[in-house]
Amino acid sequence: GRRQKARAELGVVERPLLVTAGRLEAVAGHGPLLDAARHWRALDPRPLLVVAGEGPDRAVLQRRIDLEGLPVRLLGRREDVPGLLSAADVAVLSSRWEARSLLAQEALHAGVPLVATEVGGVPELVGDAAELVPYGDPEALAEAVTGLLADPVRRVELAAAGRARTAGWPTEDDTVAHVLSVYDELVQTFLREGVDGPGR
């Protein structure tokens, strides 16, 4: 129900929804992403790409979207990216560089098929649970997304692979608990050795 409500709010009840998120700046690779979006104009039904995030390149990107009639909507800062992802048919990561992409982690965890650029730590992070393309190759990016939209079986396979890959990852609560336990252990060590704690 939440998925359909989110799609209805975005006006994509009958068309594919592509989702990406990140700061609107050059390193996020929005230039090649908009190049890829030109190819999606020819699809029927035409997919809508929504971009969650804010940044210094917003005006430039919006001007290009308007001038070229691209099927792209800039949503601005959003607090509901996991909800957007859960409503998506495909998630897209077009960055020039990523260490451990939060978008990729959330997409895999949500079981959303992911197309991502093969940069930095992305290949190791996603393994075989995503379609990887070279950075700066809008044709490859467009074809990977188009191929997934036309292949529901492959989307199901990637969704299952994503959930399986994230099953052993620590949750946010696990990470916080680990950090607190390490801090507590350090404090106890300082006290045992007669060393003042942090800030003293």
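The values are calculated or read from the model by the stated rules, or taken from the named source; none is laboratory data. Keep in mind that what you see is a predicted model, and the values were worked out from it rather than measured. Positions of Cβ are backbone-derived with ideal geometry, glycine not excepted, and every protein chain shown enters the neighbour counts. Please note that ligands, DNA and RNA were not included when accessible areas were found on the heavy atoms of the full protein model with its side chains. Shrake-Rupley method; radii C 1.70, N 1.55, O 1.52, S 1.80 Å.
For residue 162, state whether it is in contact with a Phe, Trp or Tyr (Cβ under 6 Å, 6 or more places away or on another chain) and either surrounded by fewer than 19 Cβ atoms within 10 Å (Cβ to Cβ) or not in a loop (DSSP other than H, G, I, E, B) (or both). Walk me through it before giving the result.
Working: in contact with a Phe, Trp or Tyr (Cβ under 6 Å, 6 or more places away or on another chain): no; either surrounded by fewer than 19 Cβ atoms within 10 Å (Cβ to Cβ) or not in a loop (DSSP other than H, G, I, E, B) (or both): yes.
So residue 162 fails the test.
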- Message: Could you tell me how many of the residues in the range 48-74 are in a strand (DSSP E or B) and either in contact (Cβ under 8 Å) with a residue 60 or more places away in the chain or open to solvent by 30 Å² or more (accessible area, probe 1.4 Å) (or both)?
- Response: 1
- Candidate set: the range 98-140, residues that are in contact with a Gly (Cβ under 7 Å, 6 or more places away or on another chain) and of a type in the set (D, E, K, R); chosen: the one modelled with the lowest pLDDT: 100
- Item | the range 11-22, residues that are open to solvent by less than 10 Å² (accessible area, probe 1.4 Å) and either assigned to a loop (DSSP other than H, G, I, E, B) or more than 19 Å from residue 104 (Cα to Cα) (or both) | 12
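Take residue 42 and decide whether it is open to solvent by less than 60 Å² (accessible area, probe 1.4 Å) and within 24 Å of residue 148 (Cβ to Cβ). Break it down into steps so the answer makes sense when it comes.
Values: open to solvent by less than 60 Å² (accessible area, probe 1.4 Å): no; within 24 Å of residue 148 (Cβ to Cβ): yes.
Against the criterion (open to solvent by less than 60 Å² (accessible area, probe 1.4 Å) and within 24 Å of residue 148 (Cβ to Cβ)), residue 42 does not qualify.
Taking the options 44, 35, name whichever one is at pLDDT 95 or above and charged (D, E, K, R).
Working: 44 fails: at pLDDT 95 or above.
Checking each option against the conditions leaves just 35.
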